[in-house]
1. Which of rounded, prolate or oblate describes the stretch 320-423 when judged by the alpha-carbon gyration tensor and an a/c cut-off of 1.5?
2. What range in the chain is the longest one free of GluC sites (Glu not before Pro) that are in a loop by DSSP and have at most 14 other Cβ atoms within 10 angstrom?
3. Can you tell me the accessible area per residue over the stretch 301-354, all protein chains present, probe 1.4 angstrom, in square angstrom?
4. Kindly identify the stretch 250-319 as rounded, prolate or oblate by the Cα gyration tensor criterion: order the square roots of the eigenvalues as a ≥ b ≥ c, call it rounded if a/c is under 1.5, otherwise compare a/b with b/c, prolate if a/b is larger, else oblate.
5. Hull surface divided by four, with the convex hull built on the Cα atoms of the chain: how many nm²?
6. One quarter of the convex hull surface, Cα atoms only: what value does that give for the stretch 228-272 in nm²?
7. Eight or more residues apart or on different chains, and alpha-carbon atoms under 22 Å: count the Lys pairs in the chain matching that.
8. Quick one: dipole size for the chain, taken about the Cα centre, charges +1 on Lys/Arg Cβ and -1 on Asp/Glu Cβ, in debye to the nearest 20.
Amino acid sequence: MCGSTEFDLPAVAVFPFENLSGDAALDRIGRIATYVLSGALEEIDSIRVVSASAAQGILAAVEPTERLSGPAVMRELRDHTLAAVVLEGSLVRRADTLLFEARLIDTERAVLFEGLTASGAVADPMAGIHVLRQAVLVAVATRFNLGEQYAPSYGQTVSYEAWEHLSYARELWGADASERRALEQLYRAIETDSTFDAARGLAMIWHVNLGEFGPADSIAMELSQRIEGLPPRQRWQLAVQRAVMRRDRDELVKAFRDWKDRLPNDNRYQALAGGLMVANRPLECLAVLDSIDPRRGSHVDKAYCHHAAGQYRRGLEQAQEGRQRSPENVDLVIQEATGLAATGESEAAMRLVAETLSGPVVEDLREHDLRFGLQVGVALELRAHGAPDAAAEALDRAVAWYRERTLRETSTAADRWRYARTLYAAGRWAEARAVFANLSVEELAAEPSLLAHNIDLSRLGYLGVLATRLGDATVADSIDSQLATMQRQWLWGHASYWRAAMAAAEGDSIAATERLAKAIDLGLFAAQWGVEYPKWDFH
């Protein structure tokens, strides 16, 4: 473990402000106070901040029934976050006034070393929050001997109404199928306060997450015009998102590496590792992950990178080690199952898949992709590593599982899309073609759990490959011509990818290799940001 992960670097874990007023309507004010204080601390280059959501998750895993002030919990929290200080707070109401209290706790001794208070009007509490913000910054700077580095301006001039819109937007973003409403609220925050660059930056990130690169690029250009006035964290986020939109692997890795070099710590090493994974540099990623304290939970990424580098046994060991700590983590389950499949342990892989699918189904958008990866991804791994019978059995089960979903009255276009992809993976070409053909681009684009950007290209590509496999030369030639002449921003080589897949289906390995190389040159990422495609065609 490198020295950067020890306690010599200042780190603060921030917990959400607790609303003690008994009035749930004031919960949002507590969230705003948390955002402002956490954001101000994150502007300081020489300290690391563990976000409120991350700190809450760690605390829930460590000891959900014990109070935060318990010494044992503090020691566990310190062990997991490597944070020397915890910031927690609360608010109470007295008539038309809100009383805020922030508490700074030494995690090593589990003692309070600073208690800070401020007050503000219920109707507009920002003045009180800003007084508390300044006091917290001074206390943290004093604790860590930061000199004059405690003067960041995060949220200092933003109106309360704008913060309300941002807070509501964050609530909606975490709810199923509410991303579009969340973005609407975020734009209301920007309209309410034109100086709210943090909201603009968040809108840019959310547009990228939704595959909407046009609006994201417009925001990036706007922020680039005043980049020197942005806090360091927002400058970094802007650099990352611009590299993503331009599919510039070198610039993407540089942005993450520069951010890590400003303050080497586990969080930033982890971010750099993620950038290297997206840029398809698994060996470099592993070297970076070796710099991270193993207690920080990098097993998923290590398992993935070992597997991507062809080190299947080591990937399997990482996944199994991680599951000893987090047995219900589906990402780790997938990595363990694919590792078992790659190392010839097909029966164990299928048992693990069956055990996981026997549990309760969580209707969460991300869970859809996890279940697809668990069923279809593991089956294709079995096929690729010499277990065709086990793969066929697994794919038959997956087809039955998705067919059952499409028969429900509540089934969606996303359910049918995944059913079509499963049929495709199973080699049921005619059935897959029929399902894909009956899906319209409009209904797919309206699905919140699908990558809507370039969904028409994905559908066209699948239909082109299927036409090739079924010997429909007229349709295949027509689709190949459309793909060859397609001109559009943010294609990143995906049209060339589908032409490569069609050439591969036709048995033309030379053309397939040339087109795949062209796709990579044009920006094809290991991660499927912006379009969906079956990477297993080129395992």
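1. Because a/c hits 1.5 or more and a/b fails to exceed b/c, the stretch 320-423 counts as oblate.
2. Result for the longest clean stretch: 149-327.
3. Per-residue value: 46 Å².
4. Values: a/c = 3.00, a/b = 1.45, b/c = 2.07.
Oblate shape, in that a/c is at least 1.5 and b/c is the bigger or equal ratio.
5. Values: hull surface 101.6 nm².
For the chain, averaging the hull's shadow over all directions gives 25.4 nm².
6. Averaging across all directions leaves 3.0 nm² for the Cα convex hull.
7. Lysine pairs, 8 or more places apart or on different chains, close enough: 4.
8. Here the size comes out at about 480 debye.
The values are calculated or read from the model by the stated rules, or taken from the named source; none is laboratory data. As the structure is a prediction and not an experimental result, all values here were calculated from the model. All Cβ positions, glycine included, derive from the backbone under ideal geometry; neighbour counts span all protein chains shown. Protein only, heavy atoms only, side chains kept; ligands, DNA and RNA dropped before computing areas. Shrake-Rupley method; radii C 1.70, N 1.55, O 1.52, S 1.80 Å.
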